[in-house]
Amino acid sequence: MIVDIQKIESGDESITIRYKELTPKLEKIIGILEKTENKVWGKLDSKTVSISIDDIFYIESVDDKVFAYTGEQVVRLDGTLNSFLMDINDESFFRCSKAMVINVNRVKALKSLASNRIDATLESGEHIIISRRYASDFRRLLKGARS
């Protein structure tokens, strides 16, 4: 990659990015330039799109592929659930099972189930089961959020 930085005396400042393939590294640079740090990039059909992390209801790993679900679309993300959690570093996202992360801010209702599991109803109406392995951490998160 060639970086060409030039100081100008007058005129408008501009940045041009030319690429053969939009890589995660370039997506991050573009996000910083557009001040869209709270967005993630993924594939929708054959195009690359950005989505606000606030719009994500949950993220699911299916057959080693990671998908972000919003109210309107399903976007395939690069990486793993762990890499997503590490990259965004946002406490709104909680690992609720081995294959799923939910956006706690999108939870509308909770119901305790047998075997120490929790049924979380999202704003979209979908029901996500928080497994017993993660249920106690979720309860601690809720208690901490209230105080």
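The values are calculated or read from the model by the stated rules, or taken from the named source; none is laboratory data. Note that the structure is a prediction, hence the values are computed from the model and not measured. Because the Cβ atoms are built from the backbone with ideal geometry, glycine has one as well, and the counts that use them run over all protein chains shown. These area figures cover heavy atoms from the full protein model, side chains too; ligands, DNA and RNA do not enter into them. Shrake-Rupley method; radii C 1.70, N 1.55, O 1.52, S 1.80 Å.
Values computed for the structure shown
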item: Net lengthening on full extension, GLN6/ASP63 (0.36 nm per residue, minus Cα-Cα); result: 15.9 nm
item: Where N is the number of residues in segment 1-73, Cα Rg divided by 2.2 N^0.38 Å; result: 1.43
item: Extension reserve of the LYS98-MET86 stretch, reckoned as 0.36 nm per residue once the Cα distance is removed; result: 2.8 nm
item: Heavy atoms of VAL3 accessible to a 1.4 Å probe, total area in Å² rounded to 10; result: 110
item: Residue-level accessible surface for ILE15, protein heavy atoms, 1.4 Å, Å²; result: 120
item: Cut-off of 10 Å, at most 14 other beta carbons, DSSP loop: longest stretch of the chain lacking such trypsin sites (Lys or Arg not before Pro); result: 36-97
item: Matching label, volume of the Cα convex hull per residue in Å³ computed from the structure shown, candidates (1) 96; (2) 106; (3) 158; result: (3)
item: Nearest-10 value in Å² for the accessible area of THR48, using the 1.4 Å probe; result: 50
